[in-house]
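Only the coordinates and a few stated rules stand behind these numbers; no lab work does. Here the structure is a predicted model, which means the values were calculated and not measured. FYI the Cβ positions are ideal-geometry reconstructions off the backbone, even for glycines, and counts take in every protein chain you see.
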Amino acid sequence: MTANAASDENVVVECRDCAFREAVRNLGRARVALDDHETATGHEVDWEIRRVAAGVERAGADAGVCGLPNRSTPETPLLDYEDDA
């Protein structure tokens, strides 16, 4: 394991029914690990996303709470609130 390997393991897949736990780099690998374990065992598996890319984080912050008025950043280029009238 390299010094940077721990930070590369961005998503943790963990079983609620047994000791299975796997840390992976991305959501695609996490989905495979989750599906493989659930299929093989019938257990319920969950995951934790430790961080997202800066652009995804900004988009989430700009969108606010479900895009509700006064809970977002209206000047963001990511959302279009203007009517087409």
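Amide H to amide H, which residues 5 or more places from Val52 or on other chains are under 5 Å from it, using H placed in the peptide plane?
The list, which skips near neighbours in sequence, is empty: none.
Could you check the simple spin-label distance between Val56 and Asp35, using points 7 Å along Cα→Cβ, in nm with one decimal?
Simple spin-label model gives 1.7 nm for this pair.
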